[in-house]
1. Within region 160-175, work out how many residues are open to solvent by 80 Å² or more (accessible area, probe 1.4 Å) and under 27 Å from K133 (Cβ atoms).
2. From (1) of a type outside the set (A, V, I, L, M); (2) touching a Leu at 6+ places or on another chain (Cβ under 8 Å); (3) crowded, with 16+ Cβ neighbours inside 10 Å, pick out the condition that doesn't hold for T145.
3. For region 76-101, name all the residues that are touching a residue at least 60 places away in the same chain (Cβ under 8 Å) and either closer than 20 Å to E143 by Cβ or touching a strand residue (DSSP E or B) at 6+ places or on another chain (Cβ under 9 Å) (or both).
4. Of the residues that sit in region 80-102 and are among the hydroxyl-bearing types (S, T, Y) and in a helix (DSSP H, G or I), which one is most open to solvent (accessible area, probe 1.4 Å)?
5. Looking at region 176-195 only, could you name the residues that are part of a helix (DSSP H, G or I) and open to solvent by 70 Å² or more (accessible area, probe 1.4 Å)?
6. Considering only residues that are without any contact (Cβ under 8 Å) to a residue 12 or more places away in the chain, open to solvent by 50 Å² or more (accessible area, probe 1.4 Å), more than 17 Å from F191 (Cβ to Cβ) and assigned to a helix (DSSP H, G or I), which ones fall in region 103-138?
7. Can you spot a residue in region 46-60 that is at pLDDT 95 or above and either in contact with a Pro (Cβ under 8 Å, 6 or more places away or on another chain) or within 20 Å of L142 (Cα to Cα) (or both)?
Amino acid sequence: MSQEASRDRRGPGLLRGDPVVGWRVLLMRFRADDAAAAAACYPSVGGAVMTDLKDIIQRFYRLQSERIETYQLFEEGHEAYLRTGPHYDFDHYKQLVHEITQAFCGISKEVLGIKERLHHEFDRPDLSEHLEKLQNKEKQKLELTAMLQLARQQAQDHPEEDEHQERIQEVKQKIIKIKEDLSEIMQDFKFDCEE
């Protein structure tokens, strides 16, 4: 059995080998799941898209779950990249970041589409406002995640410099605050959905 075939059978720990192979396999699974979920959420009859508010809300929750899983992949990929130091495999990491960015962009685009539909088609500006707040916080979280990854690499490259560890702790605290804000937005969204 080839090394690549062996990697593909490992499941969640795919990134222990070549991170590009692991991410591609997992992202392909996301895209396949995403297409199937979108088809289930947006059934068409005679070419017209037939949906209801419940379908849109369920789709949004699935997208948020996918976003969380994508963050986990991003973290695993960065850990795999750090293990290639001190002569980092930047080309593979750059490809991974590109693919993760595409996944995040796809999720964000669909969430923004849902936000618009909630506001205009379903006359639910309250729910639309929650999604707008959520998107802004998710953008901040992604920027902080990139800052944290850079700080971790700098700390690994310069273990004698305490400022990098301090920076890691500072950024981690900001991420915790963003996660709390996101949780509150999700709770408000859920509460307003039930009205």
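1. Let us first name the residues in region 160-175 that are open to solvent by 80 Å² or more (accessible area, probe 1.4 Å), namely 160, 162-163, 165-166, 169-170, 173-174.
Filter once more, keeping what is under 27 Å from K133 (Cβ atoms): 169-170, 173-174.
Of the residues in region 160-175, 4 are open to solvent by 80 Å² or more (accessible area, probe 1.4 Å) and under 27 Å from K133 (Cβ atoms).
2. Among (1) of a type outside the set (A, V, I, L, M); (2) touching a Leu at 6+ places or on another chain (Cβ under 8 Å); (3) crowded, with 16+ Cβ neighbours inside 10 Å, T145 violates only (2).
3. E76, G77, H78, E79, Y81, L82, Y93, L96, E99, I100
4. Residues of region 80-102 among the hydroxyl-bearing types (S, T, Y): 81, 84, 88, 93, 101.
Those still in the list that are in a helix (DSSP H, G or I) too: 81, 93, 101.
Working: Y81: 16, Y93: 26, T101: 67 Å².
Per the stated criteria, the residue is T101.
5. Of region 176-195, the ones part of a helix (DSSP H, G or I) are 176-193.
Within region 176-195, I176, K177, K179, E180, E184, Q187, K190, F191 qualify.
6. Within region 103-138, the subset without any contact (Cβ under 8 Å) to a residue 12 or more places away in the chain is 105, 109, 113, 119-121, 123, 125, 129, 136.
Within this subset, residues satisfying the condition of being open to solvent by 50 Å² or more (accessible area, probe 1.4 Å) are 105, 109, 119-121, 123, 125, 129, 136.
Okay, now just the ones that are also more than 17 Å from F191 (Cβ to Cβ), so 105, 109, 119-121, 123, 136.
Matches in region 103-138: C105, K109, H119, H120, N136.
7. yes
The values are calculated or read from the model by the stated rules, or taken from the named source; none is laboratory data. Worth saying up front: this structure is predicted, and the values here are computed from it rather than measured. Glycine gets a Cβ as well: all are built from the backbone with ideal geometry, and neighbour counts include every protein chain shown. Accessible surface areas use protein heavy atoms only, side chains included; no ligands, DNA or RNA. Shrake-Rupley method; radii C 1.70, N 1.55, O 1.52, S 1.80 Å.
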